[in-house]
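Working notes, structure below.
Just so it is clear, none of the values below were taken in a lab; they were calculated from the coordinates. Since the model is a prediction, treat every value here as computed from it, not as a measurement. Ideal geometry is used to build each Cβ from the backbone, glycine not excepted, and the neighbour counts take in all protein chains shown.
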Ligand code: TXA
Ligand code: MG
């Protein structure tokens, strides 16, 4: 397939309009367009067109039992697609447009290929101006998973997108780096009116609590899922974001991490906090800067990029500190334990 590559980082309005009109045309005619969002890049198709949505699975190499998120330009559009409850509007007023996805019972207009046969659908209203304008110009909701090949980290800039999607989609819109860098927070509105947090993101559990809603964190989020247990969100059962070199998470303090890394003889990489890089520079390992220890936001924006970079170097192993799972740290913890296939090394006695 021939892919048209368009840069929309510094274009004038005329250029922007013309690119978005072409992209919208592609979507309306059942094609695939990769576009930037504030979280990660999305691989979009018309969410009301079953065949178009099916093409997404082929382009990503995604298992057909893993449903897609439907993107809308305004929360009010959810009513045509789902059985909307009052809690949705509370969430929408507080967090939309923004990095929050809400799962609700679907209406018939959403084809089964979008929801992988489930009777619920995931709805998200992105805040990125290019994403919003694309949805508005297309005039249809856009189904879009992250625009990576299945199993590799979600793309947070256009270089990642090119690596994975050139030749697999009709158009790629390069809108620069994604601000958040981790995928949206996913919550499900349950029958009893409570929320289940299925995937943590930039909208934190604490943000949801602050709204006065009750939130239950699904066991799989922090890796507590036992063998054979049912997963609520199909995507949570796959080993995602997996680097080729094994990733290990170090559970210990700075001194314990340094002592552990000092003993390593192989060619290894370490994703380091800014505060520890100076002390580690004498060791024979490659350092990848995650950001300051308390700055989970910066770490989140860099994580997938660093994993992709480190993965090109054929290390024997990649190590990283185990994050503290509070606030935005929960999203980091969730992505990192999955990239590490739950391999945590306990350094403290
Ligand atoms: O930030 C994001 O959400 C990005 C951008 C492009 O919007 N999209 C994204 O999509 O991360 P994807 O497909 O990579 O992840 C969607 C997750 C999957 O884990 C999937 O299983 C879950 O959402 N999901 C979708 N529909 C669901 C449903 N009806 N019930 C439970 N989980 C659902
Ligand atoms: Mg994904």
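Taking Cα atoms only, the orientation of helix 329-339 departs from the longest principal axis of the chain by about 80 degrees. Between 0 and 90 degrees, the angle of helix 13-28 with respect to the longest Cα principal axis of the chain falls at about 80 degrees.
Quick one: work out the % antiparallel among DSSP beta bridges in region 47-203, nearest 5.
65 percent
Between residue 211 and residue 344, the simple label model (points 7 Å from Cα in the Cβ direction) yields a spacing of 2.8 nm.
The ranking of 1, 171, 104 from fewest to most other beta carbons within 10 Å of each one's beta carbon is 1, 104, 171.
By DSSP, the beta bridges lying fully in region 1-133 are antiparallel in about 75 percent of cases. If R0 is 30 Å, the Cβ-Cβ spacing of residue 262 and residue 163 corresponds to a FRET efficiency of close to 0.35.
Helix 50-60 and the longest principal axis of the Cα set of the chain meet at an angle near 20°. With both residues required to sit in the chain, DSSP beta bridges show an antiparallel share near 35%. Taking other Cβ atoms within 10 Å as a rough exposure proxy, 89, 288 sort from fewest to most as 89, 288.
Helical runs (DSSP H, four residues minimum) scored at -39500 (n - 2.57) apiece and divided by the length of the chain put the mean residue ellipticity at 222 nm at -9000 deg cm²/dmol. In plain terms, the residue of 95, 209, 248, 304 with the fewest other Cβ atoms within 10 Å comes first and the most crowded comes last, giving 209, 248, 95, 304. The distance separating the Cα centre of region 71-123 from that of region 1-59 comes to 21 Å.
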